[in-house]
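Visitor: Take this structure first; my questions come after.
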Amino acid sequence: QFTTRVVSCRAAELRPEGGGEPVRGFQVVLEDTILFPEGGGQPDDRGLIGDVPVLRVTRRGPEAVHFVPAALEPGAEVLLSLDWERRFDHMQQHSGQHLISAIAEEMFGFKTTSWELGHQRGVIELDTPVVTAEQVEALEKSVNEKIRDRVPVTVRELAADDPEVETVRSRGLPDDHVGPVRVVDIEGIDSNLCCGTHVSNLSDLQVIKLLGVEKGKKNKTNLVFLVGNRVLKSIKQSHSTEKALTSLLKNGPGEHIEAVKRLQSSVKLLQKNNLNLLRDIAVLIARDFKNKPAPKQLFVLHRKEGDSEFMNIIANEIGTEETLLFLTVGDEKEAGLFLLAGPVDAVENLGPRVAELLSGKGAGKHGRFQGKAAKMSQRGEVQALLQEFISHQNPGA
């Protein structure tokens with residue numbers, strides 16, 4: 001917590017991180033702050049000004065701008081409270097990134113070109129097209145050794161024109177930077193220009209887990225990592241998943257993979273058998289219709305189980321030169337698939353109207369129009385439309 005004063009407060013809007021409508025509120029500048037504004041790859045802090053929540057903190061030149069949902073009186077003395085859990089997480093991830101980047105460059109010559117502290121994982125972009133599994137393993141072992149050595153982490157400030165600045169690892173200063181520059185030192189390992197928040201000793205990182213690498217931008221590799229409490233949370237989540245799988249699969253964790261492979265094979269076999277049965281049913285349905293003595297101008301069928309192939313087999317078996325077919329598959333109360341087949345002119349005329357009635361989309365050619373239907377419950381209206389069309393085509397039928 002920290003006591004300070006409100007310098008200014010003005011109405012503003014905030015665009016949510018996940019998108020959506022802007023939130024109305026106020027931009028507040030304080031005499032000083034303990035909330036970190038987003039920057040340098042690190043997200044901003046959260047907290048309270050009095051009892052008013054701080055929804056975002058950004059930097060405007062040398063000022064930290066706090067976005068809040070309620071107005072604050074300029075000149076008023078306020079108590080600023082920091083969300084420590086979020087702050088400590090960011091400290092662990094950021095100091096962990098410095099350590100990983102320094103050791104990766106020392107061991108393999110891999111320079112860090114950028115990094116991102118995400119909500120669930122961190123990503124370091126390395127200036128190399130390939131990082132092998134053996135290199136990842138060696139890097140993970142080395143950074144965790146440094147954590148066990150309890151190496152101090154210190155912060156110092158230098159004037160912007162100090163010659164020593166040129167000797168410190170940096171990706172450059174922002175164009176609007178003012179005042180002294182801040183150097184974060186990991187004793188004997190790294191010196192880095194950085195505005196972010198850090199632990200005071202590598203032992204506070206607890207542990208680093210490198211999850212692996214992903215293909216990055218041209219000729220670069222993304223290294224994915226977790227530090228400290230994020231590793232513990234990941235283990236907890238993995239253990240919960242493992243317990244659930246043990247219960248579902250009725251075997252131990254070491255047998256889960258083989259059990260899933262067997263299930264996948266069984267499902268594929270069942271799907272194949274199901275498709276064969278559907279094809280047989282489609283042929284039988286078509287033959288039954290063709291063998292009936294009644295007029296064969298319109299055929300309507302709905303089946304909950306089925307797919308596009310099922311509908312097309314029926315259309316092929318019945319023939320579409322004289323018969324107009326309206327076939328649907330799926331849950332009657334939800335979305336599904338439809339097929340309108342028949343004489344070319346009739347289908348071209350009726351297809352878009354059928355899709356519209358079903359609140360769906362479709363396309364077609366050569367006497368077939370098929371697509372997805374959002375409202376299968378409108379099937380009755382489509383059938384009425386088709387019967388009316390046939391009546392107009394064949395008066396007295």
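Visitor: Have a look at 283, 329, 267 and point out the one that is in contact with an Asp or Glu (Cβ under 9 Å, 6 or more places away or on another chain), modelled with pLDDT of 90 or more and assigned to a helix (DSSP H, G or I).
Guide: Working: 329 fails: assigned to a helix (DSSP H, G or I); 267 fails: in contact with an Asp or Glu (Cβ under 9 Å, 6 or more places away or on another chain).
So the residue among 283, 329, 267 that is in contact with an Asp or Glu (Cβ under 9 Å, 6 or more places away or on another chain), modelled with pLDDT of 90 or more and assigned to a helix (DSSP H, G or I) is 283.
Visitor: Please enumerate the residues belonging to region 282-313 that are more than 41 Å from the chain's Cα centre (by Cα) and touching a residue at least 12 places away in the same chain (Cβ under 8 Å).
Guide: 283, 285, 286, 287, 289, 290, 295, 296, 297, 298, 299, 300
Visitor: Turning to a different aspect of this structure: Any residue at all in region 69-78 that's closer than 23 Å to residue 11 by Cβ, under 30 Å from the mean Cα position of the chain (by Cα) and either modelled with pLDDT of 95 or more or not polar (S, T, N, Q) (or both)?
Guide: Among the residues of region 69-78, at least one is closer than 23 Å to residue 11 by Cβ, under 30 Å from the mean Cα position of the chain (by Cα) and either modelled with pLDDT of 95 or more or not polar (S, T, N, Q) (or both), which makes the answer yes.
Visitor: Kindly provide the set of residues from region 351-394 that are closer than 15 Å to residue 298 by Cα and assigned to a loop (DSSP other than H, G, I, E, B), ordered by number.
Guide: If the condition is that a residue be closer than 15 Å to residue 298 by Cα and assigned to a loop (DSSP other than H, G, I, E, B), then 367, 394 are the ones that fit.
Visitor: Oh, and also: State which residue is modelled with the lowest pLDDT when the search covers only region 58-67 and only residues that are at negative phi and either under 27 Å from the mean Cα position of the chain (by Cα) or surrounded by fewer than 19 Cβ atoms within 10 Å (Cβ to Cβ) (or both).
Guide: 62
Visitor: Let me spell it out: the conditions are (1) in a helix (DSSP H, G or I); (2) assigned by the TED database to the domain that holds residue 40; (3) hydrophobic (A, V, I, L, M, F, W, C), and residue 99 meets all of them except one. Which number is the exception?
Guide: (2)
For every residue, the table says whether it meets (1) open to solvent by less than 60 Å² (accessible area, probe 1.4 Å); (2) without any contact (Cβ under 8 Å) to a residue 24 or more places away in the chain; (3) more than 29 Å from residue 276 (Cα to Cα); (4) of a type in the set (Lys, Arg).
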{"site": "322", "(1), (2), (3), (4)": "no, no, no, no"}
{"site": "328", "(1), (2), (3), (4)": "yes, no, no, no"}
{"site": "363", "(1), (2), (3), (4)": "no, yes, no, no"}
{"site": "389", "(1), (2), (3), (4)": "yes, no, yes, no"}
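Visitor: Of the residues 291, 251, 274, 316, which single one is over 29 Å from residue 347 (Cα atoms), open to solvent by 70 Å² or more (accessible area, probe 1.4 Å) and of a type outside the set (A, V, I, L, M)?
Guide: 274
Visitor: Is at least one residue of region 271-279 closer than 25 Å to residue 389 by Cα and either assigned to a helix (DSSP H, G or I) or assigned by the TED database to the domain that holds residue 368 (or both)?
Guide: no
Visitor: Suppose the filter is within 27 Å of residue 86 (Cβ to Cβ) and loosely packed, with under 11 Cβ neighbours inside 10 Å; does residue 240 pass it?
Guide: yes
Visitor: Which of the residues that make up region 1-37 are assigned to a loop (DSSP other than H, G, I, E, B), open to solvent by less than 60 Å² (accessible area, probe 1.4 Å) and in contact with a Lys or Arg (Cβ under 6 Å, 6 or more places away or on another chain)?
Guide: Residues satisfying the conditions are 22, 37.
Visitor: Then there is this: Report yes if some residue within region 301-310 is farther than 27 Å from residue 391 by Cβ, open to solvent by 40 Å² or more (accessible area, probe 1.4 Å) and either in a helix (DSSP H, G or I) or touching a Lys or Arg at 6+ places or on another chain (Cβ under 9 Å) (or both); otherwise report no.
Guide: yes
Visitor: Take the residues of region 181-191 that are farther than 13 Å from residue 96 by Cα and touching a strand residue (DSSP E or B) at 6+ places or on another chain (Cβ under 8 Å): which is modelled with the highest pLDDT?
Guide: Out of the qualifying residues, it is 187.
Visitor: Can you run down the residue pairs with Cβ atoms below 7 Å, 6 or more apart or on separate chains, where the first is in region 157-179 and modelled with pLDDT of 80 or more and the partner is open to solvent by 50 Å² or more (accessible area, probe 1.4 Å) and acidic (Asp, Glu)?
Guide: Correct list of pairs: 158/164.
Visitor: Next up: For region 119-135: of the residues being within 13 Å of residue 226 (Cβ to Cβ) and hydrophobic (A, V, I, L, M, F, W, C), which is surrounded by the fewest Cβ atoms within 10 Å (Cβ to Cβ)?
Guide: The selected residue is 123.
Visitor: Sticking with this structure for a sec: Given 261, 233, which one is assigned to a helix (DSSP H, G or I), free of Cβ contacts under 8 Å to residues at least 60 places away in the same chain, in the same structural domain as residue 146 (by the TED database) and open to solvent by 100 Å² or more (accessible area, probe 1.4 Å)?
Guide: Criteria check complete, one pass: 233.
Visitor: Then there is this: Kindly provide the set of residues from region 185-215 that are touching a residue at least 40 places away in the same chain (Cβ under 8 Å), in a loop (DSSP other than H, G, I, E, B) and in contact with a Pro (Cβ under 9 Å, 6 or more places away or on another chain), ordered by number.
Guide: 195, 200
Visitor: Please find, among 317, 348, the residue that is in a helix (DSSP H, G or I), out of contact with any Leu (no Cβ under 8 Å at 6 or more places or on another chain) and over 14 Å from residue 301 (Cβ atoms).
Guide: 348
Visitor: Take the conditions part of a strand (DSSP E or B), open to solvent by 30 Å² or more (accessible area, probe 1.4 Å), in the same structural domain as residue 92 (by the TED database) and in contact (Cβ under 8 Å) with a residue 24 or more places away in the chain and apply them to residue 182. Does it pass?
Guide: yes
The values are calculated or read from the model by the stated rules, or taken from the named source; none is laboratory data. All values derive from a computational prediction rather than experimental measurement. Heads up, the Cβs are rebuilt from the backbone with ideal geometry, glycines too, and the neighbour counts pull from every protein chain shown. Accessible surface areas use protein heavy atoms only, side chains included; no ligands, DNA or RNA. Shrake-Rupley method; radii C 1.70, N 1.55, O 1.52, S 1.80 Å.
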